[in-house]
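Visitor: Next up is a structure, given as structure tokens.
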Amino acid sequence: MRLKIQLPTTWAQRSNPDGPATFCRKGSTSAFQVSWAEYRGGKPLPQITADSLKQMATDFGQKKGLRLMAESSGGPCRFGSFGTAVFHSAQHPRIQVWFICDGREHIMATHICDREPESSEVAEAQQIASSLALGPEQPAKPKWKFW
């Protein structure tokens, strides 16, 4: 599977050879990172809901020691459903975590800010997260031919 992402023109991918796909907004030192997991098992998965994804985001932040949760939400998105939570810490004034799922594959995204971000950056990060999807490695070949 390949990551499908729609970046605003103010964002670009940053090299991160040993880590997840990383994107930054021009003029910002914050990082938007994305990783994903493909389900290759044969057993049916339990039903995944926006509420369970919201709980995953909350639990993830708390396991990372982020105790100051500001908000959480969940709902439908391009890929299926999402859950998100926003945290604050002494080192990071804003950290947002998303878990996104289509019922089988999972995407995790984080927007980690080392300075208080502009509201437009937060809105763009949320826009990027809602655009995330996974698709085939190569585009499907057409089944027709031109003579």
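Visitor: Find, to one decimal place in angstroms, the Kirkwood hydrodynamic radius of the chain, where the mean of 1/r is taken over every pair of different Cα atoms and then inverted.
Guide: 16.3 Å
Visitor: Ignoring ligands, DNA and RNA, what percent of the accessible area of the chain is carbon or sulfur (1.4 Å)?
Guide: 53 percent
Visitor: Search the structure for amide H atoms under 5 Å from the amide H of Ser89, placed 1.01 Å from N in the peptide plane, and list their residues when 5 or more places away or on another chain.
Guide: Arg94
Visitor: What is the local net charge at Thr58, summed over the other residues whose Cβ is closer than 14 Å to its Cβ (Lys, Arg +1; Asp, Glu -1)?
Guide: With Lys, Arg at +1 and Asp, Glu at -1, the neighbours total +1.
Visitor: How tilted is helix 50-63 with respect to the longest principal axis of the chain? Cα atoms for both, answer in degrees (0 to 90, nearest 10).
Guide: Helix 50-63 sits at roughly 50 degrees to that axis.
Visitor: Treat each spin label as a single point 7 Å out from the Cα along the C-beta direction, and report the Cys24 to Gln55 distance in nm.
Guide: Roughly 3.8 nm, to one decimal.
Visitor: Taking the solvent-accessible surface of protein heavy atoms with a 1.4 Å probe, what is the per residue accessible area of the chain in Å²?
Guide: 62 Å²
Visitor: Taking R0 as 22 Å, what FRET efficiency do you get between Ala70 and Gln6 from their Cβ-Cβ distance, rounded to the nearest 0.05?
Guide: That gives a FRET efficiency of 0.30.
Visitor: What is the distance in Å between the Cα centroid of segment 82-127 and that of segment 5-77?
Guide: Distance between centres, Cα-based: 6 Å.
The values are calculated or read from the model by the stated rules, or taken from the named source; none is laboratory data. Note that this is a predicted model, so its numbers are computed, not measured. Cβ sites come from the backbone with ideal geometry, for glycine too, and all protein chains shown count toward neighbours. Just the protein is used for accessible areas: all its heavy atoms, side chains included, with ligands, DNA and RNA removed. Shrake-Rupley method; radii C 1.70, N 1.55, O 1.52, S 1.80 Å.
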